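Student: My questions will all concern the structure given below.
The values are calculated or read from the model by the stated rules, or taken from the named source; none is laboratory data. A quick note: this is a predicted structure, and the numbers were derived from the prediction, not measured. Glycine also receives a Cβ, built like all others from the backbone with ideal geometry; neighbour counts cover every protein chain displayed.
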Amino acid sequence: MATTGPHIENSNRSFQPAGSEWQTPPFSITPDLFKKFQQLIHQQTGIWLGDSKVLLLCGRLSRRLRALEIPTMERYYQLVVDPTQQEERELMIDAITTNETRFFREPKQFEFLEQRAIPVWKSEAREGVRTKTLRLWSAGCSSGEEPYSLAMTMAGNLPREAGWEVTILATDVSTRMLDRARTAIYVIEKAGEIPECLLRNHMLKGYAEQAGKMKVMPEIRQMVEFERLNLMQDAYPGAVFDAIFCRNVLIYFDLATKSKVVERLTQCLDERGLLFLGQAENLSGVSSQFRTLAPAVYIRPGEKIAF
Ligand SMILES: C[S@@+](CC[C@H](N)C(=O)[O-])C[C@H]1O[C@@H](n2cnc3c(N)ncnc32)[C@H](O)[C@@H]1O
C-alpha cells in the first residue's frame, strides 16, 4: 500500500473551516454581456476595459451584487442601465475605478514644481507680470494624497503671509474616494511617503482612538476644494489654471477619449500653464499642442518661459 504523506489539512492549524468567512468566486458573465458592460463603462467614464479584463469586472462588481442580493450579472446590468438608477451607476463607477495613489507620487515632478516652476512664478510676481494668485487642478485626485501634496509644496514656498493665494481644485469621478479625501485622515504607514519636514509642519498624529492614523492640518486642507467631476461627461471648471495635474488617469482611457479630455483640459489651462501627466503617460498621438519641459511635464510650444 502506498504510504501517504502527512495530512496537512488535519495537522496544520493554518487551514480551518471558514464558515461564513469564505469569499465565493466572482459572478460569471457571457462574452456578449461583457461587451455591454464594456460599452456602458466607456460611455460613462471613458475607461476602456480591454477584453482581458473579464475577471476584473466580475471581481469588482461582485460586492455590489452581493450587497443588493442580485443573483446574476445580467440582472445587475438591467439595473444600471435603468435611467432612474443614477446612484447605482455611480456606485458601479466607484467599484470599477482604480484609485491607487501616494503622497508625493513621482517625486521628480514635485522637484520640478519646487525648483523650476515656483521660482519663475515668484520672479514674475516680483516683476509684476503676474499676480500672487495661483490656481492648480488635480483632475483625478483619488483619495486626496495628490492635492494635499501639492498644497504642502505650495504652502512651504509661497506662503499666505507673503501675500500668496494658492487654491487647488481636486476632482474625481469616484464619490467614495472624494468622501475619503475630504476626511484628510490617512493610515500612519503613509507617513513615510511625505518628506520629514513637511510631515512635521503639516500633518497631525492621531492618539487614543485615532492611534495609527494621521490627519492633514487645517491650513493645508483649506487650500483644497473637492468636487465630483467626471472628465468624460461633466462641464469643466470655468476657471483658468496655472497648472493641471492629470496623472495616471488618461492611462485607463482609449485614444479618442484621451484626445478629447486633453483638448478640454487645454481649454482650462492658462496660455503659459503647465500640464503634468503620469510617468507612464505621454501626449504622443493625443495632442500636438504641447512641448515637453521635463518627463511628463508639458507647456504650449510658443511660450518662452524659463521653466
Ligand atoms: C490611479 S488614480 C490616480 C490618482 C492620482 N492622480 C495619482 O496619480 O496618484 C486614477 C483616478 O482617476 C479617476 N478617474 C477615472 N476615470 C475618471 C473620469 N472619467 N473622470 C474623473 N476621474 C476619473 C479614478 O476614480 C481614480 O481615482
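Student: Tally the residues that are surrounded by 10 or more Cβ atoms within 10 Å (Cβ to Cβ) and at pLDDT 75 or above, restricting the search to region 9-36.
Tutor: 9
Student: Identify the residue in region 192-214 that is among the charged types (D, E, K, R) and in contact with a helix residue (DSSP H, G or I) (Cβ under 8 Å, 6 or more places away or on another chain) and, among all such residues, is surrounded by the fewest Cβ atoms within 10 Å (Cβ to Cβ).
Tutor: LYS205
Student: Enumerate the pairs (first residue in region 241-260 and farther than 19 Å from LEU40 by Cβ and in contact (Cβ under 8 Å) with a residue 24 or more places away in the chain; second residue anywhere and part of a loop (DSSP other than H, G, I, E, B) and away from the ligand (no atom under 11 Å from the Cβ)) with beta-carbon separation below 6 Å, excluding pairs fewer than 6 apart on the same chain, so at least 6 apart or on different chains.
Tutor: Matching pairs, first to second residue: PHE241/CYS268; LYS258/VAL286; SER259/VAL286.
Student: Still on this structure, please answer the following. Considering each of PHE104, PHE112 in turn, give the residue that is modelled with pLDDT of 95 or more and over 16 Å from the mean Cα position of the chain (by Cα).
Tutor: Of PHE104, PHE112, the one residue that is modelled with pLDDT of 95 or more and over 16 Å from the mean Cα position of the chain (by Cα) is PHE112.
Student: Can you confirm whether region 246-269 contains a residue that is out of contact with any Cys (no Cβ under 8 Å at 6 or more places or on another chain), of a type in the set (A, V, I, L, M, F, W, C) and away from the ligand (no atom under 16 Å from the Cβ)?
Tutor: Checking region 246-269: at least one residue is out of contact with any Cys (no Cβ under 8 Å at 6 or more places or on another chain), of a type in the set (A, V, I, L, M, F, W, C) and away from the ligand (no atom under 16 Å from the Cβ).
Student: Let me ask something else about it. Would you say MET203 is free of Cβ contacts under 8 Å to residues at least 24 places away in the same chain, away from the ligand (no atom under 11 Å from the Cβ), within 23 Å of THR133 (Cα to Cα) and of a type in the set (A, V, I, L, M, F, W, C)?
Tutor: The answer is no for MET203.
Student: I've got another one for you. Are any of the residues in region 145-160 on the phi < 0 side of the Ramachandran plot and outside any helix (DSSP H, G or I)?
Tutor: yes
Student: Please specify each residue of region 124-144 satisfying the condition of being over 23 Å from MET177 (Cα atoms), touching a residue at least 24 places away in the same chain (Cβ under 8 Å) and in a loop (DSSP other than H, G, I, E, B).
Tutor: LYS132
Student: Let me ask something else about it. Conditions: (1) within 19 Å of ILE47 (Cα to Cα); (2) within 16 Å of the ligand (Cβ to nearest atom). GLY285 meets all but one. Number of the miss?
Tutor: (2)
Student: While we're here: Would you check which residues across region 169-198 are among the hydrophobic types (A, V, I, L, M, F, W, C) and either under 30 Å from TYR236 (Cα atoms) or within 21 Å of the chain's Cα centre (by Cα) (or both) and list them?
Tutor: LEU169, ALA170, VAL173, MET177, LEU178, ALA181, ALA184, ILE185, VAL187, ILE188, ALA191, ILE194
Student: Return the only residue of GLN39, GLN44 being exposed (fewer than 13 other Cβ atoms within 10 Å of the Cβ) and either assigned by TED's automatic domain parsing to the domain that holds VAL173 or within 16 Å of the ligand (Cβ to nearest atom) (or both).
Tutor: Of GLN39, GLN44, the one residue that is exposed (fewer than 13 other Cβ atoms within 10 Å of the Cβ) and either assigned by TED's automatic domain parsing to the domain that holds VAL173 or within 16 Å of the ligand (Cβ to nearest atom) (or both) is GLN39.
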